[in-house]
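The values are calculated or read from the model by the stated rules, or taken from the named source; none is laboratory data. All of these numbers come straight from a predicted model, not from anything done at the bench. No Cβ is skipped: glycine too gets one built from the backbone with ideal geometry, and neighbour counts run over all protein chains shown.
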Amino acid sequence: MGRVLYAFNSERLWLTAIGVTTCITILVTFVSLTEGFTIVFPHLFYLPIILTAYRYPRTGIPYAVLLGVLYLLMVAAFTQATLTILAAAAIRTVIFIAIAGVVSLLSGALQREELKYRTMFEHTGAATAVFRADGTIAMVNGEFVRLLASPAADLIGRPWQTILSPEDRKRFGPATEGLANGTFEIRLTRKDGTPLDVVATSGKTPYTGIMVFSCVDITEKKRTEEANLFLASIVESSDAIVTGQDLDGTIISWNHGAEKNTGYTAVEVIGQPSSLLVPPGRESEIAMILGKIRAGEHIDHFETVRVRKDGSHFDAYLIVSPIRTVGGEIVGASSITRDITEQKQAEENLKEANEEANLYLDIMAHDINNANTVSMGYAEYFTEVLEGSEREFAHKLLSSVKKSVEIIDNVSTIRRLRQESATLRPVSLDDVIREEIRHFSGTNIAYEGCSVRVMADDLLSEVFTNLFGNAVKFAGSDVRIGIGVSEEDDATVSISVDDTGPGIADEDKPGIFTRFQRGKSKKSGKGLGLFIARMLVERYGGSIHAEDRVPGSPGKGARIVFTLRRVP
């Protein structure tokens, strides 16, 4: 497959030609000698001798000796062999051998040269082909076969245009006139239709019109160049400050975003130290960053301050990465710097607004709770002294005040959850449950006790406060609540709280723990209770979901099941 193919390179054809000319020569010699001719016909022996010596240099002389001896024997056998005739035949035999020697010598030298150039052709490292003057492919080397992914037999004899891509076929004519001597880029097509970008070199031999065509695959190089151009366009169009520095901190690249944000042009900064952008007092940052880069480390979101050309400062964060060669050697650093002045100001404004909102919330909670305390006192008094419908109104007033207290408590709990990080510690689950049961002394709550400790904090009681309160709110004071505790494994405990209330419809169960999500009960409320319960359970590393108290019967009560991490 890989060797050079020639149109006239058949051993069988050569052997046939030598055999046929030898037989004809012997036959003509026999006829001529028997007819008395001894002068012209011996020249026929030159044909098989020259053919043999040319094709097989080492065999040429022995074959000439063989034919010469045969000729002498035939002269002696079929003529009146006088001394003159035999001497002439002997001289011709010597000439046969001499001609064979000369041809063998020249042919051997020619074949050695051919082998040398054939080896060079085959192992040049480039895909090489020879085109005839009419544009057909005469020969190809192994690299050309590999590159085109097509057998040599399929390439030889084809018009050279058939290996070009459709767009390049229009650039070149059917013959080789369109191929100029020199180097150029061209796109070939493999046998399977895959395009192939190559750098080609062509040269035409004088007088013959034969063209030598060599090419090197640059498909991957082109893809890499295109990818690099794409990345470069992204970098250039980025509004961030994207720069490159060598390991000494000298700026070697500068994008449009850098010019826009700092006021420096690329001409002004390339070749300058990167400390140009560093305000006084922060010079040590450059040494620290370059030290990490030399060690192969990446720097992510390093907040700092940078200075513009006009001297103004701006808050910034940096992302810095090593630049490596193909061999992995670190030769520099690429950095992305973003101006976060507006972001920092927005964060500061948000912080101030949050602090102000918390202040208002504290004032509101304090003042409203004070007002609620007074209102609850009056409402409780009226429920005791009034009768009939007036007493009923007093109970409604008391219920509304309690609802106001509940809302404020829930908001305060949510604020604590948002602001305070969880510091978990071992907590007695039994103590927490019993304390909450005492707060609901007027409610029928069944609980057998447990000896489990869980990882939680002082907000764990709020889970049970909200679950118990939710059951009472939706089922009334006659509700029966059951609490179950089971140890799922060495690391997890499961707690269930069920009630005999109206239950939770199946379609409501997935979203019941979402803020402001409520079931289809007409009872008032913003749905914060179960939302807070979910926040707390997840804060402790557990999960929570709703079930039916009686499986398959949503209307016979709900069961809330949640897990907590158990203390071994």
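Among the residues of the range 210-246, those identified as surrounded by 15 or more Cβ atoms within 10 Å (Cβ to Cβ), small (Gly, Ala, Ser) and within 30 Å of Gly291 (Cβ to Cβ) are Ser238, Ala240, Gly244. Against the list (1) without any contact (Cβ under 8 Å) to a residue 40 or more places away in the chain; (2) among the β-branched types (Val, Ile, Thr); (3) assigned by TED's automatic domain parsing to the domain that holds Thr194, the condition Ile97 fails is (3). Please indicate, with yes or no, whether at least one residue in the range 339-357 is surrounded by 16 or more Cβ atoms within 10 Å (Cβ to Cβ) and closer than 25 Å to Ser238 by Cα. Within the range 339-357 (the criterion being surrounded by 16 or more Cβ atoms within 10 Å (Cβ to Cβ) and closer than 25 Å to Ser238 by Cα), the answer is yes, since at least one residue qualifies. Is it the case, given these coordinates, that Ser104 is crowded, with 18+ Cβ neighbours inside 10 Å and not basic (Lys, Arg)? Yes. Whether any residue in the range 438-454 is closer than 30 Å to Asn354 by Cβ, surrounded by 17 or more Cβ atoms within 10 Å (Cβ to Cβ), touching a residue at least 24 places away in the same chain (Cβ under 8 Å) and not hydroxyl-bearing (Ser, Thr, Tyr) is what I want to check. No: zero hits. Residue by residue through the range 434-459, note down the ones that are touching a strand residue (DSSP E or B) at 6+ places or on another chain (Cβ under 6 Å) and either closer than 17 Å to Ile532 by Cα or not charged (D, E, K, R) (or both). Passing the criteria: Ile437, Asn444, Ile445, Ala446, Tyr447, Cys450, Val452, Val454, Met455, Ala456. Hey, any hits in the range 387-402 for a residue that's modelled with pLDDT under 70, charged (D, E, K, R) and within 25 Å of Leu459 (Cα to Cα)? No, that holds for no residue.
Total residues in the range 91-135 satisfying the condition of being assigned to a loop (DSSP other than H, G, I, E, B) and either touching a helix residue (DSSP H, G or I) at 6+ places or on another chain (Cβ under 6 Å) or β-branched (Val, Ile, Thr) (or both): the figure is 2.
Taking the conditions exactly as written (closer than 15 Å to Arg92 by Cα and either assigned by TED's automatic domain parsing to the domain that holds Ile95 or in a helix (DSSP H, G or I) (or both)), does Leu47 satisfy them or not? Yes; evaluated as a whole, the condition is true for this residue.
The requirement of being at positive phi and in contact with a helix residue (DSSP H, G or I) (Cβ under 8 Å, 6 or more places away or on another chain) is fulfilled nowhere in the range 224-241; no residue meets it. Among the residues of the range 330-341, is there at least one that is closer than 30 Å to Ser284 by Cα, of a type in the set (S, T, N, Q), in a helix (DSSP H, G or I) and in contact (Cβ under 8 Å) with a residue 24 or more places away in the chain? Looking through the range 330-341, at least one residue is closer than 30 Å to Ser284 by Cα, of a type in the set (S, T, N, Q), in a helix (DSSP H, G or I) and in contact (Cβ under 8 Å) with a residue 24 or more places away in the chain. Residues satisfying the criterion are present in the range 53-67 (criterion: in contact with a Gly (Cβ under 6 Å, 6 or more places away or on another chain) and modelled with pLDDT of 90 or more). For Arg324, state whether it is under 23 Å from Leu231 (Cα atoms) and of a type in the set (Lys, Arg). Yes; evaluated as a whole, the condition is true for this residue.
Of all residues in the range 470-489, which are farther than 17 Å from Ser543 by Cβ, of a type outside the set (Val, Ile, Thr) and either surrounded by fewer than 20 Cβ atoms within 10 Å (Cβ to Cβ) or modelled with pLDDT of 95 or more (or both)?
Lys473, Gly476, Ser477, Asp478, Arg480, Gly482
I'd like the residue in the range 189-213 that is assigned to a loop (DSSP other than H, G, I, E, B) and β-branched (Val, Ile, Thr) and, out of all such residues, is modelled with the highest pLDDT. Result: Thr194.
Filter the range 145-173 down to residues that are assigned to a helix (DSSP H, G or I) and either surrounded by fewer than 20 Cβ atoms within 10 Å (Cβ to Cβ) or in contact (Cβ under 8 Å) with a residue 40 or more places away in the chain (or both), then give me how many there are.
So the answer is 14.
Can you name the number of the only condition in (1) touching a Pro at 6+ places or on another chain (Cβ under 8 Å); (2) at positive phi that His313 fails? Failing condition for His313: (2).
One residue stands out among those in the range 336-370 that are of a type in the set (A, V, I, L, M) and at pLDDT 75 or above: the one that is nearest to Val405 (Cα to Cα), which is Ala353. Screening Thr304 with (1) in contact (Cβ under 8 Å) with a residue 12 or more places away in the chain; (2) of a type in the set (S, T, N, Q); (3) over 30 Å from Pro280 (Cβ atoms) gives one miss only, at (3).
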